[in-house]
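Notes for the one structure printed next.
The values are calculated or read from the model by the stated rules, or taken from the named source; none is laboratory data. Nothing here was measured: the structure is a model prediction, and the numbers come from that model. Cβ atoms come from the backbone with ideal geometry, glycine included; neighbour counts cover every protein chain shown. Surface accessibility is based on the protein's heavy atoms, side chains included, excluding ligands, DNA and RNA. Shrake-Rupley method; radii C 1.70, N 1.55, O 1.52, S 1.80 Å.
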Amino acid sequence: MGSVPKKQWAQVVEKTGGPVVYKEIDVQEPGPDEVLVNIKYSGVCHTDLHAVNGDWPLPTKLPLVGGHEGAGVVVAKGNLVEDIEIGDHAGVKWINGSCLQCDFCQQSDEPLCGKALLSGYTVDGSFQQYCIAKAAHVARLHKDIPLDAVAPVLCAGITVYKGLKESGARPGQSVAIVGAGGGLGSLAQQYAKAMGLKTIAIDTGDEKKKMCTEQLGSYAFVDFAKSQNVVKDVQAATEDGLGPHAVILVAVNEKPFQQAAEYVRPRGTVICIGLPAGAYLKAPVFESVIKMITIRGSYVGNRKDSAEALEFFRRGVIKAPFKVVGLSELQKVYDAMHQGQIAGRYVVDTSK
Ligand SMILES: NC(=O)c1ccc[n+]([C@@H]2O[C@H](COP(=O)([O-])OP(=O)(O)OC[C@H]3O[C@@H](n4cnc5c(N)ncnc54)[C@H](O)[C@@H]3O)[C@@H](O)[C@H]2O)c1
Ligand SMILES: [Zn+2]
Ligand SMILES: [Zn+2]
């Protein structure tokens, strides 16, 4: 493997509940259809915190190296890999690999593949310096793309871009982004803007309000913690008071999943993306029927969605705030995320 070291630094979940342990571990060798990516930067997604806490009905591998927004350079590849070269820039996504043969893979619904490998969940992810992924699934990154800024696009960006497409919202229409101040939410506002949509941001606190309205392009902000009536306030924020055409739910609490159907516009669509632990969706049957509301789930994106979302970013129309800290400080990022204190995204630099 040439210049690839035998040992590397990683953040390891040794037991569910954490904390993560920063330590030296072995570098693995890629299999025949895999590449080894020298991760330079990795975004920290709330999913990584769900994985540490073990709060989803899907067990993680243990010990686990989390992370699934890894941007870096290909340093080794298996002998079956022909369309990506050593030295190319690549991104490790949530979908680390899929069978490419099943009903879903054949129809490019790779996230639905029953054999999908999940980076930082069922296989080791990007919170290490050298990460393995299936060559078919690593994102191809142009060399003019900065590896720190692009990291959050590899999950958050792809996911919200896909969710906006699934919503069917058209240019000129309005979309409520619920959880707008977080990683997915901040990128959702930027993708929506680039797609010609108007956004209403819903989250809490002055820092997030300022970011959403002054930096990310939302024309209105509803503070869910201060509002006496979120449903009324969201509807009132639309021009005719009838509510937004679509709602993108990226919040980490159950409440908004039980409110969105009430304020979405007749004929509107509620897209569920956030995955709060143990939560249930709720919608009034009467209003949902007579308003002809659609409620649907949206789960990351396929390879084409990923390439499209990355192309928006490469063109310079997506700019979301992020802060860089060393990989060694990952636990501090989790603590802040747990408190809901992060506006935008944290990205870890694997060299420190
Ligand atoms: N479906 C998918 O494919 C997919 C992909 C990636 C992440 N996710 C999930 O999306 C969620 C968000 O991830 P993230 O990394 O953006 O998290 P984050 O912690 O960066 O942001 C979550 C935001 O939700 C806000 N929030 C909490 N309660 C709220 C409420 N009642 N109303 C409005 N906003 C509220 C928080 O203040 C925070 O700003 C997580 O559950 C994550 O696992 C899903
Ligand atoms: Zn993610
Ligand atoms: Zn498959």
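Is the C-alpha gyration tensor of the stretch 1-148 telling us rounded, prolate or oblate? Criteria: a/c under 1.5 is rounded; beyond that, a/b larger than b/c is prolate, otherwise oblate. Oblate.
Backbone amide hydrogens, once placed in the peptide plane, bring Val247 within less than 5 Å of Ala176, Thr269, Val270, Ile271, excluding anything fewer than 5 places away on its chain. Note on the chain: along the principal axes its Cα atoms extend 64, 40, 38 Å, ordered by decreasing extent.
Using only Cα atoms, locate the centre of the stretch 238-312 and the centre of the stretch 1-74, then give the distance between them in Å, rounded to an integer. Spelled out, the Cα-based centre of one part sits 31 Å from the other. DSSP finds beta bridges in the chain, and of those with both partners inside it, around 55 percent are antiparallel. Comparing Met292, Ala156, Cys99 along the charge dipole axis of the chain, the residue lying farthest to the positive side is Met292, per the Cβ-charge model.
Across the protein chains, with a 1.4 Å probe defining accessible surface, the residues Met195, Met292, Met337 rank Met292, Met195, Met337 from largest area downward.
Couplings 3J(HN,Hα) of the stretch 192-197, computed from phi: 4, 4, 5, 8, x, 9 Hz, in residue order, whole Hz [Karplus 6.51 cos²θ - 1.76 cosθ + 1.60, θ = phi - 60°; x for Gly and Pro].
A cut-off of 5 Å between modelled amide H atoms, ignoring neighbours fewer than 5 places along the same chain, links Gly182 with Gly344. Counting Lys and Arg as +1 and Asp and Glu as -1 over every other residue whose Cβ lies under 14 Å from the Cβ of Met211, the net charge comes to +2.
Global size of the stretch 157-297: 13.3, 39 Å for Rg and Dmax (C-alpha atoms, Rg to one decimal, Dmax whole). Highest mean packing first, where packing is the average number of other Cβ atoms within 10 Å per residue, the peptides 153-160, 316-323 line up as 153-160, 316-323. If only the Cβ of Lys and Arg carry +1 and only the Cβ of Asp and Glu carry -1, the dipole of the chain around its Cα centre is close to 540 debye.
Dipole size of the stretch 272-352 about its Cα centre, with +1 on Lys/Arg Cβ and -1 on Asp/Glu Cβ: approximately 180 debye, rounded to the nearest 20.
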